[in-house]
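Working notes, structure below.
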Amino acid sequence: MEKITSFTIDHIKLQPGVYVSRKDQVGSEVITTFDLRMTSPNEEPVMNTAEMHTIEHLAATFLRNHPDWKDKTIYFGPMGCRTGFYLLLAGDYTSSDIIPLMIEMYEFIRDFTGEVPGACAKDCGNYLDMNLNMANFLAAKYLDQVLYHITEDRLVYPQ
């Protein structure tokens, strides 16, 4: 069997950043899949499920309520390896195109207090697995170490 594209990326060289993972043509529309890599694969600890689950709830809520991006948001969810998230947007975009949106979204997550949207038994199948404090911390770390001063090498997959 052929390796899927995401398994051909050199995860030893990969660092936290915002990468275009793939672009798919669906009818007349392009869907751009972004790799929002928050931790360095195989170098630092992966994120725990509780904080990833919290980031997922907050980011999905933010994106689906954003005045400019809600109708372009297809999906936001965690990577199985727990080093980041996938964001699928309708449209043909580069990584640079979404940096302002990612800064806005991660600032929202960093600063969020109160009840996590959808974190109740009626709305979520695993609502007890949440950690808002760690989600706030990880969002701040990603902003400070990656997004606020992002460089070209964190926008394009390593060769």
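Starting from the eigenvalues of the Cα gyration tensor, five times each then square-rooted, give me the equivalent ellipsoid semi-axes of the chain, largest first, whole Å.
Details: eigenvalues 112, 72, 52 Å².
The three semi-axes for the chain are 24, 19, 16 Å.
Taking K72 as the anchor, which lysines have their alpha carbon closer than 16 Å to its alpha carbon, excluding any fewer than eight residues away along the same chain?
The reachable lysines, counting only those whose Cα sits under 16 Å from K72, are K23.
Apply 1/(1 + (r/R0)^6) to the Cβ-Cβ distance of S28 and D123, taking R0 = 41 Å, and write down the FRET efficiency to the nearest 0.05.
0.75
Could you list the trypsin sites (Lys or Arg not before Pro) in region 1-108 that lie in coil according to DSSP, counting only those with at most 12 other Cβ atoms within 10 Å of their Cβ?
Filter output for region 1-108: K3, K13, K70.
A short reminder: the numbers here are calculations on the coordinates, not readings from a lab. Just so it is clear, the structure is predicted and the values come from calculations on it, not from any experiment. Cβ: placed from backbone, ideal geometry, glycine included. Neighbour counts: every protein chain shown.
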